[in-house]
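One structure below.
The values are calculated or read from the model by the stated rules, or taken from the named source; none is laboratory data. Just so you know, these numbers come straight off a predicted model, no measurement behind them. Note: ideal-geometry Cβ built from the backbone for every residue, glycine included; neighbour counts use all protein chains shown. Areas reflect the complete protein model, heavy atoms only, side chains present, ligands, DNA and RNA absent. Shrake-Rupley method; radii C 1.70, N 1.55, O 1.52, S 1.80 Å.
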Amino acid sequence: MDRPADASAASRAQHAAWMRRALDLAARGRPTVSPNPMVGCVLVRDGSIVGEGWHERAGGPHAEVVALEAAGEAAAGAVAYVTLEPCTHTGRTGPCTKALLAAGVSQVVIAAEDPSPVAGGGAEVLRAADVLVVTGVLAEEARAQNAVFFHRLESGRPFVIAKVAVSLDGRIAAGDGTSQWLTGPAARQRAHALRAEVDAVAVGSGTVLADDPVLTCRLPGYSGSQPLRVVLDSRHRTPSDARVLDASAPTVLFVAADPGDGGAAGVIGELRAVERCAIPEAADGSGVDLERLLDALADRAIGSLLVEGGSAVLGSFLRADLVDRLVVHVAPVLLGERGRPLLVGPWASSLADAPRFDTLGVEQVGPDVIITLSPDREER
Ligand SMILES: NC(=O)c1ccc[n+]([C@@H]2O[C@H](COP(=O)([O-])OP(=O)(O)OC[C@H]3O[C@@H](n4cnc5c(N)ncnc54)[C@H](OP(=O)(O)O)[C@@H]3O)[C@@H](O)[C@H]2O)c1
């Protein structure tokens, strides 16, 4: 429990101000930190910052350790603001609780608790060592910042982001199937930035046949790791010379398993990192079973999946309520009724049954508008 002295509105407001700084620092790890969470830490003594840091990549030093090193002896008696509960386990780096105790901090203020059965429990360890601990400061912001991390830990499945480019009238391709490019270069750069943030990118075989996408992050100067490329290809329609099978990143083709086959896997490219994985078909006959697909990706340590279409695959993910974030790039162009709709397949026939979303952000990027949404699951 929080100690009464720290529950006052004034100290909460002060804590919140330092925690905001820690959250800003944590965000610097966004492009590099996956599969680990973003974490920021600020050490404050006598009203001034004496050290700060953030977690940059898995295997690298944790935010607390970076901040403690920056502070040196000034860490003794300081208040540590940490966006995620300090870890208690020895992974590739030592436990942060131990480092904080060794440095002699007087108080630890935590935004979000760590639900991980391995690393969690840091607040208890610190309290047991007689360190004053305050939890829940800007907890909502901290959980939102690490939505992917919390989702993966709590559900055991990857966080699914669906990104789609649409015309003003909600079409994803013209009547002749062309969709390259609906949006301008600035919005397309943002799409590439999203690929850099996720562990895997998925399309259906229809998009491979129509657009022959490469699905890698090709931001100028980008040298980070490429996402795993995933193709939903129940009927083995991906051509052997498809660009998604090139050597620039590994690819898994998910094909339909024969009835009774639990899900055989095999490598189909001798020189290329291409794998074929068989999983059962969806009961509605739409293609591969998406829950089994997500489980198979979780088995491959995929924590986040970007679904880039097309309309059949998007429709299946949305109908199954498996989309955790929807990113819609709206281009100022009209394609008319012959254009391909955003979704195909059966859908709600009445407004009362239509799934609703919360709007998280709206941004103009060049001539286009990017809308970021999350499903309003309380309404469902
Ligand atoms: N504007 C955009 O953002 C955007 C993005 C992507 C694509 N597009 C456009 O979309 C069009 C292609 O759309 P599409 O609907 O044909 O392609 P799609 O959704 O990429 O692929 C559909 C195919 O995926 C396979 N599939 C496997 N499992 C599935 C499942 N559970 N649910 C649904 N499909 C599954 C099925 O083929 P099998 O039976 O062979 O497995 C299905 O026919 C093209 O015109 C392309 O240019 C636009």
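Just the protein heavy atoms count here, and of the accessible area of the chain at 1.4 Å, carbon and sulfur take up 51 percent.
Note that the chain presents 47 Å² accessible area per residue, ligands and nucleic acids not counted, probe 1.4 Å.
With n ≥ 4 as the cut-off for DSSP H runs, can you work out [θ] at 222 nm for the chain, using -39500 (n - 2.57) per run divided by the number of residues, rounded to the nearest 500? Kindly include the intermediate steps, with their values, before the conclusion.
On the way: 10 runs with 98 residues, N = 380.
Value at 222 nm, helices only, nearest 500: -7500 deg cm²/dmol.
Within the set of other residues whose C-beta is less than 9 Å from the C-beta of Leu84, count the net charge using Lys and Arg as +1 and Asp and Glu as -1. With Lys, Arg at +1 and Asp, Glu at -1, the neighbours total -3. Largest GNM mean-square fluctuation across Ala63, Ala273, Ala165, computed for the chain with C-alpha springs under 10 Å, falls on Ala273. Here the dipole of region 36-136 is about 160 debye; that uses its Cα centre as origin and unit charges on the Cβ of Lys and Arg (positive) and Asp and Glu (negative). Nearest-5 percent of antiparallel DSSP beta bridges in the chain? Expressed as a percentage, antiparallel bridges in the chain total about 45. Between Gly366, Gly120, Gly303, the Gaussian network model of the chain with springs among Cα atoms under 10 angstrom shows the greatest mean-square fluctuation at Gly366. In this simple spin-label model, placing a label point 7 Å from the Cα along the Cα-to-Cβ direction at both Thr90 and Asp295 gives a separation of 3.6 nm. Applying the criteria of a DSSP loop state and at most 16 other Cβ atoms within 10 Å to the trypsin sites (Lys or Arg not before Pro) of region 79-147 yields Arg92. Structure remark: mean-square fluctuation, Gaussian network model of the chain, C-alpha springs under 10 Å; the largest value among Ser205, Ser316, Ser240 belongs to Ser240.
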